[in-house]
1. What do you reckon, how do K124, K26 stack up by accessible area (1.4 Å probe), largest on top?
2. Give me P(r) over the stretch 1-67, computed from all C-alpha to C-alpha distances, binned every 5 Å, as integer percentages.
3. What share of all Cα pairs of the stretch 108-149, in percent, falls into each consecutive 5 Å distance bin?
4. How big is the shadow of the Cα convex hull of the chain, averaged over all directions, in nm²?
5. Just the accessible area for K95, please: 1.4 Å probe, Å², rounded to the nearest 10?
6. Quick one, what does Rg over Rh come out to for the stretch 91-211 if you take C-alpha atoms and the Kirkwood Rh?
7. For H51, what accessible surface area do you get with a 1.4 Å probe? Give it in Å², rounded to 10.
8. Taking GluC sites (Glu not before Pro) as exposed when DSSP calls them loop (any state but H, G, I, E, B) and at most 10 other Cβ atoms lie within 10 Å, what is the longest stretch of the chain free of them, the sites themselves excluded?
Amino acid sequence: MYSGRSTPAEKEKMLEIGEKLAAARKAAGFTQSRAAQAAGRTQSYLSAVEHGKKAFSVGFILDLIALYGVSYEAIFGECAANGSLPPDTKAEQSKARQALSLLEELVRNSGSELLEKGVEDHVKLCIYALLRQLYQANPHNTSRVFSADAQKEFEAILKIIRQMPRHTESILRGCRIDCSRLELAQEKGHELRTFIKECEELLGCGEEDTT
């Protein structure tokens, strides 16, 4: 993230990026208000970023890039080539983060803290299972960080995941959540369909070939 104590060169780069973002937003047909809402920020914040007056996170800019349908290089240009930002933050490498953003938006729109906590717990457990396996694959990493038996822990996680639909349904009914609020911004439709298709292909549950 660019800090508030930016050098003159950094301030110039922030302004350049802001102007490119503004141009991309207008080309995509978004008002500041709509774009800011879709990215989970206020209009005043986005306006400050576009005018180079506000520090920004790479994640926020990537949200806008995905929303506007432009390339990473189109916004950052030489900034990316010079290594000012980490290479692993490119938009094409952020599909998992984009999926989490979709999920967070749905939960946020529900207005239920209990639903938010339940969803967060399930996501954390899925991440935990992968993190533990990869972390322990390195013999230099100590296994003492994890206290529970790996196999029993994995089986417990699978059990919780299997119960997830029932658990989520209980929250929806118990909290009397207005499910009509569980919706995404219209411009996120393509991103949602793409994610669903990719996951169904991974699971082998997509539409069968009828040819």
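1. K26, K124
2. Calculated over all Cα pairs of the stretch 1-67, the distribution is 4, 19, 32, 27, 12, 5, 1 percent.
3. 5, 19, 21, 16, 12, 10, 8, 6, 2
4. Dividing the Cα hull surface by four gives the mean projection, 17.0 nm².
5. 110 Å²
6. With Rh from the inverse mean 1/r over Cα pairs, Rg/Rh is 1.02.
7. 100 Å²
8. That would be 1-206.
The values are calculated or read from the model by the stated rules, or taken from the named source; none is laboratory data. Note that the coordinates shown come from a computational prediction; the quantities given were computed from them, not determined experimentally. Glycine also receives a Cβ, built like all others from the backbone with ideal geometry; neighbour counts cover every protein chain displayed. Accessible surface areas use protein heavy atoms only, side chains included; no ligands, DNA or RNA. Shrake-Rupley method; radii C 1.70, N 1.55, O 1.52, S 1.80 Å.
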